[in-house]
1. With the structure loaded, tell me whether residue A:62 is surrounded by fewer than 21 Cβ atoms within 10 Å (Cβ to Cβ) and either more than 14 Å from every other protein chain (Cβ to nearest Cβ) or in contact with a strand residue (DSSP E or B) (Cβ under 9 Å, 6 or more places away or on another chain) (or both) or whether it fails that test.
2. Give the stretch A:90-111 a look and list any residue that's crowded, with 19+ Cβ neighbours inside 10 Å and either in contact (Cβ under 8 Å) with a residue 12 or more places away in the chain or in the same structural domain as residue A:260 (by the TED database) (or both), or say none.
3. For the stretch A:113-131, enumerate the residues that are more than 13 Å from chain B (Cβ to nearest Cβ) and either at positive phi or crowded, with 20+ Cβ neighbours inside 10 Å (or both).
4. Which condition breaks for residue B:39 when tested against (1) under 13 Å from residue B:275 (Cα atoms); (2) in a helix (DSSP H, G or I)?
5. Pick out the one residue from A:225, A:206, A:237 that is touching a helix residue (DSSP H, G or I) at 6+ places or on another chain (Cβ under 8 Å) and either closer than 19 Å to residue A:273 by Cα or crowded, with 19+ Cβ neighbours inside 10 Å (or both).
6. Scan the stretch B:51-96 for residues that are more than 20 Å from residue B:139 (Cα to Cα) and free of Cβ contacts under 8 Å to residues at least 60 places away in the same chain and report the count.
7. State all residues of the stretch B:187-212 that are more than 9 Å from every other protein chain (Cβ to nearest Cβ), in contact (Cβ under 8 Å) with a residue 40 or more places away in the chain and touching a strand residue (DSSP E or B) at 6+ places or on another chain (Cβ under 6 Å); if no residue qualifies, say none.
8. Which count do you get for residues in the stretch B:131-148 that are crowded, with 16+ Cβ neighbours inside 10 Å and either in a loop (DSSP other than H, G, I, E, B) or in contact with a helix residue (DSSP H, G or I) (Cβ under 6 Å, 6 or more places away or on another chain) (or both)?
């Protein structure tokens, strides 16, 4: 049940105002990118994008399009602010994270603009919680310049096939090596840990493989500690697309279906670990 | 000084075990007072544990099938023991499928509560697991330290909201702040508030109801004089509140709190056979 926001003071409209009947549609997606305390929120008429970065080599984006919200209005061309994501998540889940059937938390979000806090109004079972979270100057974000024309290799897998692999990654390995090739082993995940190396191969005709477009054999290594948080997005998703470009930059795009069957996306971009050449397999 | 008790009924055992779990969450060490008809778990308000105090009262008849005690003297038929409730709680956890549990005060090398758990066994002789829990005997001259605290001359008395909701909210707020403000009025409204440099969060509860207190001590008359909308408030340590709520595994029959503005919050949680009072002082 949507809440009505209090009338804005001095006639100033909110540059961003949104209503959501089920706050979990937002909180579960944000959790999938929650590996740092801070996030940059970017809102346009199309919806909300929340970006988290680390070490200047990894970036995660959660997209919640305007259609997911019951109401979504942005007064300017775009609205950007930086916010503490841990605090935001604690507020969105103030009534608990348990998904009991029939109980949902309704959310109303309002933002007056630069320098103002983000206001959240949450309601469940007649109890109302009001949150005021301070916002900061938005950071400059990395631009991976990843577009479909530059993609060298692309596969789409059903997430269930990768979930166990990612949950059990050998974390004593510094890197996760990804091999994609039109020839054997087609798609291989490798780790090199204290106990030895492990390789997991997915054949191109596997049931889990929804699409296989590999033009060139590529082997790239990525810092495993940076990629591990993507496991959260993988756990929520039904499908994942894995793409690499000529420089070895990796794009992981997760298709997530929420409780109401609506589709949202989370993507992770990662730079390859520098000290590797293709010869070293 | 003698004490011996026995529980045979599994439901009573589980119930007593739950009570011990709750007490364990609230106090590292506390005083166990034994009388003819009741057991009390007492924490008196020392600075050492943040000034909180606790008074938990059980009718022995509701838990024990057998209960015998002989106090320090005929005219002082009571026993006061200092104990670590977690030890007792752990011992009871091993008794989940027990045939019987016996508790006895012994003094072989030092005073102990001996908990003997009789477990089912395939052979004719039972398996008995014995736990010796060291206790301190509190001498009579110190008994005055452990008297039942009086209900403070509160400003507002109000029923607590659904504990599950209150628990979730306080747990989240605990991630954001060390202190919490609890305020309530005589119109059945309660607010929980936290405020830091980063964030402020307020949860509003309505229609909670205010318990009617008998006007023996003139409580009602002073309450009637109070503006119904005006809030009484206290800022307290959020961890203490979270521990109190986390310890409630079963919904109490009655749950209320009394607020004396800026001084103290007095929680009363009543179950069928256990009553728990918990006092959290306000912070400066």
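1. Taking the combined requirement at face value, the residue does not satisfy it.
2. Once the filter is applied, which keeps residues that are crowded, with 19+ Cβ neighbours inside 10 Å and either in contact (Cβ under 8 Å) with a residue 12 or more places away in the chain or in the same structural domain as residue A:260 (by the TED database) (or both), the stretch A:90-111 yields A:91, A:92, A:93, A:94, A:95, A:104, A:105, A:107, A:108, A:109, A:110, A:111.
3. Scanning the stretch A:113-131 gives A:113, A:115.
4. Against the list (1) under 13 Å from residue B:275 (Cα atoms); (2) in a helix (DSSP H, G or I), residue B:39 comes up short only on (2).
5. A:237
6. Final tally of qualifying residues: 8.
7. B:191, B:194, B:208, B:209, B:210, B:211
8. The number of residues fulfilling the criteria is 4.
The values are calculated or read from the model by the stated rules, or taken from the named source; none is laboratory data. Predicted model, so just to flag it, every value in this text is computed and none were measured. As a convention, Cβ positions derive from the backbone with ideal geometry for all residues, glycine included, and neighbour counts pool all protein chains shown.
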